[in-house]
């Protein structure tokens with residue numbers, strides 16, 4: 001259930017695009033995702049190895065057409081997911097991690113005195129709220145005194 005919510009948040013309404021991406025990558029596809037990664041500044045967070053693989057794949061796809069090797073496509077798919085990630089996806093991932101951790105800690109008896117918490121942990125809005133709270137704790141904005 002939690003994985004389905006993450007997939008919906010990550011993919012959104014573009015299910016046809018994901019189905020196509022699992023089979024092959026063309027040069028045009030790779031160029032579009034690289035541009036998106038540059039615009040939202042996710043390119044800088046890739047490792048040198050990921051950048052090198054991506055650029056080599058672009059060079060190969062430009063000359064040969066499409067990349068269809070399943071191993072290379074899976075590696076590129078993970079890089080493309082990093083390039084396409086938005087702040088909403090990162091917040092949702094943080095909320096999913098927190099919700100999964102709370103579901104795993106059932107041995108403390110929290111669900112006995114708060115039975116509706118289990119329902120809340122499956123609600124996408126609550127998961128988004130958990131993610132916002134965890135991001136807010138990490139990146140809180142400190143106000144300075146006005147003069």
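The values are calculated or read from the model by the stated rules, or taken from the named source; none is laboratory data. All values reported here derive from a predicted model rather than from experimental measurement. Cβ sites come from the backbone with ideal geometry, for glycine too, and all protein chains shown count toward neighbours.
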| field | Only one of 95, 101 that is touching a helix residue (DSSP H, G or I) at 6+ places or on another chain (Cβ under 9 Å) and closer than 16 Å to residue 124 by Cα | value | 95
| query | Are any residues in the range 18-46 over 14 Å from the mean Cα position of the chain (by Cα), loosely packed, with under 13 Cβ neighbours inside 10 Å and either in a helix (DSSP H, G or I) or at pLDDT 95 or above (or both), and if so, which ones? | reply | 19, 28, 35, 38, 39, 44
| field | Selection within the range 102-147 - at pLDDT 80 or above and assigned to a loop (DSSP other than H, G, I, E, B) | value | 114, 115, 116, 121, 122, 123
| request: For the range 48-67, state whether one or more residues are buried (at least 16 other Cβ atoms within 10 Å of the Cβ), closer than 30 Å to residue 123 by Cβ and either at pLDDT 95 or above or outside the structural domain of residue 131 (by TED's automatic domain parsing) (or both). | output: no
